[in-house]
Amino acid sequence: QVQLAESGGRLVRAGDSLTLSCTASGRTLNGYTVGWFRQTPGEDRIFVASVSWSEGNTDYADDVKGRFTVSRDVAKNTVYLQMANLEPEDTAIYHCAAGRRPYGVFERQYDYWGQGTQVTVST
């Protein structure tokens, strides 16, 4: 069993930067991919970025490439999502998730989910 807890979401202005954290507990994440998804009302959770825990390989959705950076600190059991040049359309609840499938971009490919943290980007 893996428990994930996101933190760092808050209200920011367009153009601001913000870093989200996802801390894991319960078991080692060796062999897992940790992904970030975001969700707005009435929408499915949409893939944002992922990092493989053991190798540090990363993957990004096209609309966040060049603006977002995903990384992990193995010693802290934490994955980060660094977001730069935020836009109002980035407003969403951001969830982290863990799964065994590498480079997973679909919600069904992840097994464990955090509760989410709200990011709001004002104009």
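The values are calculated or read from the model by the stated rules, or taken from the named source; none is laboratory data. What you see is a predicted model; the values in this text were computed from it and never measured. Reconstructed Cβ throughout: ideal geometry from the backbone, glycine too, with neighbour counts over all protein chains shown. In case anyone asks, the SASA skips ligands and DNA or RNA and just uses the protein heavy atoms, side chains included. Shrake-Rupley method; radii C 1.70, N 1.55, O 1.52, S 1.80 Å.
Restricting attention to the range 21-35, the residues being open to solvent by less than 20 Å² (accessible area, probe 1.4 Å) and of a type in the set (Val, Ile, Thr) number 2.
Taking the range 80-101 as the range and being in a strand (DSSP E or B), more than 19 Å from Thr40 (Cα to Cα) and among the small types (Gly, Ala, Ser) as the test, the residues that pass are Ala98, Gly99. Of the residues that sit in the range 58-79 and are surrounded by 13 or more Cβ atoms within 10 Å (Cβ to Cβ) and in a loop (DSSP other than H, G, I, E, B), which one is nearest to the chain's Cα centre (by Cα)? So, considering only residues that are surrounded by 13 or more Cβ atoms within 10 Å (Cβ to Cβ) and in a loop (DSSP other than H, G, I, E, B), the one nearest to the chain's Cα centre (by Cα) is Ala61.
Looking across the range 23-47, the residues that are in a loop (DSSP other than H, G, I, E, B) and either small (Gly, Ala, Ser) or touching a Leu at 6+ places or on another chain (Cβ under 8 Å) (or both) come down to Gly26, Gly31, Gly42.
Residues are listed down the side, and each one gets a yes or a no for (1) open to solvent by less than 40 Å² (accessible area, probe 1.4 Å); (2) more than 11 Å from the chain's Cα centre (by Cα); (3) among the β-branched types (Val, Ile, Thr):
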{"position": "Arg13", "(1), (2), (3)": "no, yes, no"}
{"position": "Thr19", "(1), (2), (3)": "no, no, yes"}
{"position": "Phe37", "(1), (2), (3)": "yes, no, no"}
{"position": "Phe47", "(1), (2), (3)": "yes, no, no"}
{"position": "Val51", "(1), (2), (3)": "yes, no, yes"}
{"position": "Gly56", "(1), (2), (3)": "yes, yes, no"}
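Applying the set (1) part of a strand (DSSP E or B); (2) farther than 23 Å from Thr123 by Cα; (3) of a type in the set (A, V, I, L, M) to Leu20 leaves exactly one unmet item: (2). Show the residue pairs meeting these rules: Cβ distance below 6 Å; 6+ apart or different chains; first residue within the range 99-123 and farther than 15 Å from Trp36 by Cβ; second residue open to solvent by 70 Å² or more (accessible area, probe 1.4 Å). From residues that are farther than 15 Å from Trp36 by Cβ, the pairs are Thr120/Leu11; Ser122/Arg13. Taking each residue of the range 1-14 that is outside any strand (DSSP E or B) and looking for partners that are of a type in the set (Phe, Trp, Tyr) with beta-carbon atoms closer than 9 Å, six or more apart or interchain, yields Gln1/Tyr112; Val2/Tyr32; Val2/Tyr112; Gly8/Tyr80; Gly8/Tyr94; Gly9/Tyr94.
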